Amino acid sequence: MSAASSPKSSPRPSAEISVSAPAVSPGRDDRPLSLTEFSSLLSACFPGNPPPKPNSFLIAVSGGPDSLALLRLAALSQNPNWCFAAATVDHGLRPEAACEARYVAKLCRAWAIPHQTLSWTGWDGTGNLQAEARAARYRLLTSHAEEIGASAVIVAHHRQDQRETHCLAKARGHQGARLAGMRAARDLAPGVKLLRPFLSIDPARLAALLRKEGIEAVADPSNQDRRFARVALREDLARYDVEQLAEIDQAIVRACEQRREEMGRLAAVIAWLDAAGALVFEVSGRVRLDCDAFETGEREVRRALLSRLLTAAGGAPEAPDRDKVTRLERALDGCEVAFVRTLGGARVSFTPGPGTRKGTLVFEREFGRKGPPSVRVSNGLRRYLFDERFDIVLSDEEAEEAGWILPLGALGRGNLHDKTLPCLVDRSGALIAAHPLLADKLERPSFSNAFSRLAWRFGADLHADAQR
C-alpha cells in the first residue's frame, strides 16, 4: 500500500494543536463517504459543462475534519484526469494557526499532494472580522489557483453548513430565491470556479471517514464561540430532530428551484439583449444599455439586470441594496429627460434618444471621495486585480520597477471617467505605465497586459443554477 493510501503513514498533530474528536450523532447518516461517491459528487459540479481533461483542482484545507476528509479523498482518487494541490490560509489571528498549517503540510507530503500556506496580514482591527477573513481567504485561494493553473478551488462545505446559511438568511428577513443557500459551483474569477461537492452530505459521514482512516483533525476554538451567529445557530440546529432538519432541506430545495427559474429568465433576456446589440461592454470599463430593449422585460428581471450592471461597473464587492435598485428601476420607468444617479460605486447616466427611441443608459465607475482602492505590488507577483474591474498582468520589467497600481485620480489627474482607470507608479510615486486608453494622453507606455473584467463579472454564475 502506498503512502498516499495508508492511514498508518499519516502524521499526527503536534502538542500545540487542539485535536477535534467529532461525536457520532444518533439517528444521522454516519457511513464513511466512499471514494466512488466523492468522484460522482465532484463530477456533478459540472453538469452539462464537464471540466477540461486533464483538470487541476486546488483544495482549501484548514486542518478541520471536513477539509481533511476532502483532502484524504483527493489523495485516494484514481482518476487519471484529475490533479490535486492543496492550500491552507493562515489568517494570522491565532498563534496555533501556523502549527495547524504545518500539520496540513505534513499530511500533504505524506500523501504526495503539493501544498502551500497562504498568509493574510490585512486586517486592521475594524469591520466584521469573519466577513473580512472570508473575503481575504477567497482572494488568496483564487490568486494561488491562477498561479498554479488550477481551474477550480474545492471547499468542504456540507449539508449542515447549507442549513445554517439558509437559516441565517431567513433570520435576516430574506425570502424566496434568497433562501437557496450556497451553490455547488460558482465563479471566482475568469477560468476559476469554486466547487462545493459535499452540500448534500452530512458532516458525520466526513468524520466517519477520518475515524476509518485513523486521521486526527485540528479544532478551531472560534467554532465554539457563540458570539458568532453561525456558531450559536449550529448549536441550536444540533438539537433538531430528523423531521425538523428535513423541513429545512425541503425549504432549501424549493428556494433553489425558484432561483433556477429566476436565473433562467434573466439569462434569456441577457442573451436577447446581446444578440440585438443592445448591451455593449467597452474596454474602458463603461457599459451601454439600449433603453428600448431594457423596457421590454418584466420588472423583476430588469431589477436583476440593473443589479448586475451596477455591481460590475461599480467595482463593488457585493450587489447594491435591493430597495435602492428598485427605486432606480422605477425612476427609469418612462423617463424622458437626461439624469445622473450614483449607486453602489457606479455612476448611471441616461441620455434620451432621438424621435421615438427611449435613449441609452451608461454605467461606469464613480470616483467618489476616495476613489478606487490602490493595490500594492509585491515582490514575485505578476497578476493583480484592480478594483474588481481590471485584470492586470505585469511584465518582469514592470514588476521590477512598480510600487503601486492606483487610479489616475489618485495623482490628481483625469476627467470623471479617466480618473477611475488604473495606472502603475514606482516606489517614489512616479508614473510608469497606464491603462491603454490613457497611454497617449499621459505620454507613458500602456500596461503590457490589462483586461476589463466587467463582462465576466456581469455574467458570473448566470448559468450555474440553470445547469443543475
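Just a few scattered comments:
- Odd one out for GLY429 among (1) surrounded by fewer than 21 Cβ atoms within 10 Å (Cβ to Cβ); (2) assigned to a helix (DSSP H, G or I): (2)
- Residue count, the stretch 425-445 (criterion: touching a residue at least 40 places away in the same chain (Cβ under 8 Å) and either among the aliphatic types (A, V, I, L, M) or farther than 24 Å from PRO317 by Cα (or both)): 2
- ARG183 passes every criterion in (1) surrounded by 15 or more Cβ atoms within 10 Å (Cβ to Cβ); (2) basic (Lys, Arg); (3) over 24 Å from PHE458 (Cα atoms) apart from (3).
- Considering the conditions (1) assigned to a strand (DSSP E or B); (2) within 26 Å of THR342 (Cβ to Cβ); (3) hydrophobic (A, V, I, L, M, F, W, C), LEU416 is excluded by exactly one of them, (1).
- Filtering the stretch 83-114 to residues that are touching a helix residue (DSSP H, G or I) at 6+ places or on another chain (Cβ under 9 Å), at pLDDT 95 or above and either among the basic types (Lys, Arg) or within 19 Å of ILE201 (Cβ to Cβ) (or both) leaves only PHE84.
- The residues of the stretch 239-263 that are surrounded by fewer than 16 Cβ atoms within 10 Å (Cβ to Cβ) and among the acidic types (Asp, Glu), listed by number, are ASP241, GLU243, GLU247, ASP249, GLU257, GLU261.
Condition check ((1) modelled with pLDDT under 90; (2) among the β-branched types (Val, Ile, Thr)) across all residues:
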position	(1), (2)
VAL325	no, yes
VAL340	no, yes
ARG347	no, no
GLY359	yes, no
LEU381	yes, no
TYR384	no, no
ARG389	no, no
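- Where ASN415 falls short, out of the listed (1) over 24 Å from ARG139 (Cβ atoms); (2) crowded, with 21+ Cβ neighbours inside 10 Å; (3) out of contact with any strand residue (DSSP E or B) (no Cβ under 6 Å at 6 or more places or on another chain): (2)
- Scope the stretch 35-69; condition modelled with pLDDT of 90 or more and on the phi > 0 side of the Ramachandran plot; matching residues: GLY63
- Among the criteria (1) touching a strand residue (DSSP E or B) at 6+ places or on another chain (Cβ under 7 Å); (2) closer than 30 Å to VAL89 by Cβ, the one VAL283 does not fulfil is (2).
- Conditions (1) surrounded by fewer than 16 Cβ atoms within 10 Å (Cβ to Cβ); (2) under 30 Å from ALA180 (Cβ atoms); number of the one not met by SER395: (2)
- Near pairs, Cβ below 8 angstrom, 6+ apart or cross-chain, from the stretch 386-411 (on the phi > 0 side of the Ramachandran plot) to any residue that is surrounded by 22 or more Cβ atoms within 10 Å (Cβ to Cβ) and not basic (Lys, Arg): ASP387/GLY315; ASP387/PRO372; ASP387/PRO407; ASP387/THR420; ASP387/PRO422; GLU388/GLY315
- In the stretch 361-379, of all residues being within 16 Å of ASP426 (Cα to Cα) and exposed (fewer than 13 other Cβ atoms within 10 Å of the Cβ), the one that is modelled with the highest pLDDT corresponds to ARG376.
- Taking (1) free of Cβ contacts under 8 Å to residues at least 40 places away in the same chain; (2) touching a Pro at 6+ places or on another chain (Cβ under 8 Å); (3) part of a helix (DSSP H, G or I) in turn, TRP456 satisfies each apart from (1).
- Filter result for PRO32 (at pLDDT 95 or above and of a type outside the set (A, V, I, L, M)): yes
A quick yes/no check of all residues on (1) in contact with a His (Cβ under 6 Å, 6 or more places away or on another chain); (2) in the same structural domain as PRO197 (by TED's automatic domain parsing); (3) more than 29 Å from ASP30 (Cβ to Cβ); (4) of a type in the set (Ser, Thr, Tyr):
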| site | (1), (2), (3), (4) |
| --- | --- |
| TYR103 | no, yes, no, yes |
| CYS108 | yes, yes, no, no |
| HIS115 | no, yes, no, no |
| GLU132 | no, yes, yes, no |
| ALA135 | no, yes, yes, no |
| ALA145 | no, yes, yes, no |
| ALA152 | no, yes, no, no |
| ALA156 | no, yes, no, no |
| HIS166 | no, yes, no, no |
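- Here the strands (runs of 3 or more DSSP E) wholly within the stretch 174-293 that include at least 3 residues being within 30 Å of PRO352 (Cα to Cα) are 279-281, 287-290.
- Criterion violated by LYS358 - all others in (1) surrounded by fewer than 20 Cβ atoms within 10 Å (Cβ to Cβ); (2) out of contact with any Lys or Arg (no Cβ under 8 Å at 6 or more places or on another chain); (3) within 29 Å of PRO422 (Cα to Cα) satisfied: (3)
- The single condition from (1) at pLDDT 95 or above; (2) on the phi > 0 side of the Ramachandran plot that GLY277 fails is (1).
- Residue in the stretch 168-180 that is assigned by TED's automatic domain parsing to the domain that holds ARG102, surrounded by fewer than 22 Cβ atoms within 10 Å (Cβ to Cβ) and under 26 Å from GLU37 (Cβ atoms) present: no
- Per-region count, the stretch 302-352, residues part of a loop (DSSP other than H, G, I, E, B) and either under 26 Å from the mean Cα position of the chain (by Cα) or free of Cβ contacts under 8 Å to residues at least 12 places away in the same chain (or both): 10
- Of the residues making up the stretch 311-327, just one is touching a strand residue (DSSP E or B) at 6+ places or on another chain (Cβ under 6 Å) and hydrophobic (A, V, I, L, M, F, W, C), namely ALA313.
The values are calculated or read from the model by the stated rules, or taken from the named source; none is laboratory data. All figures in this text were calculated on a predicted structure; none of them were measured in a lab. Counting neighbours? That spans all protein chains shown, and the Cβs are built from the backbone with ideal geometry, glycine included.
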